[in-house]
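Worksheet: one structure, shown below.
The values are calculated or read from the model by the stated rules, or taken from the named source; none is laboratory data. Everything numeric in this text was worked out from a predicted model, so none of it was measured. Cβ coordinates were reconstructed from backbone atoms using ideal geometry, including for glycine residues, and neighbour counts include every protein chain displayed.
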Amino acid sequence: MSYNYIVLQDSWRVELYLDSSDPDLNKRYFDALESNKEEIERSFGATLRWQRLNDKRASRISYKITEGGLKDEDSWPDLHTQMITAMIALEKAFKPHIMNL
């Protein structure tokens, strides 16, 4: 499992990426976390994108913002603050559930 910051040309996201060498374990972890989706999203404070990615080894749970990105250099200072705030909230929302996996 890893927490990642992703910055694209026109958007950015923070994510929890489930990618062990065992695809079945990744999907079991995803399903266990998704069973607590409502509580996790309430704790995070927004709707998350839940991607089981059945045809891939990994799964992803992310929060995406379509304002800012690499193209808009003027927004970079605010983008950094928003990303850090979102990552702190994401880790806080998932931590108690990950500890139970």
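Entry remark, region 59-87: residues being in a loop (DSSP other than H, G, I, E, B), surrounded by fewer than 17 Cβ atoms within 10 Å (Cβ to Cβ) and not polar (S, T, N, Q) number 4 in total. Only residues that are out of contact with any Asp or Glu (no Cβ under 9 Å at 6 or more places or on another chain), farther than 14 Å from Leu90 by Cβ and modelled with pLDDT under 95 were counted across region 28-77, and they come to 4.
So, of the residues in region 1-54 that are in a helix (DSSP H, G or I) and aromatic (Phe, Trp, Tyr), which turns out to be surrounded by the most Cβ atoms within 10 Å (Cβ to Cβ)?
Taking the candidates together, the pick is Phe30.
For Leu90, the requirement of being free of Cβ contacts under 8 Å to residues at least 12 places away in the same chain, under 18 Å from Met1 (Cα atoms), assigned to a helix (DSSP H, G or I) and hydrophobic (A, V, I, L, M, F, W, C) is not met. Going residue by residue through region 27-34, is there one that turns out to be on the phi > 0 side of the Ramachandran plot and among the hydrophobic types (A, V, I, L, M, F, W, C)? Scanning region 27-34 turns up no residue that is on the phi > 0 side of the Ramachandran plot and among the hydrophobic types (A, V, I, L, M, F, W, C).
The set of residues in region 88-101 being surrounded by 16 or more Cβ atoms within 10 Å (Cβ to Cβ) and either farther than 26 Å from Ser21 by Cα or among the acidic types (Asp, Glu) (or both) consists of Ala89 alone.
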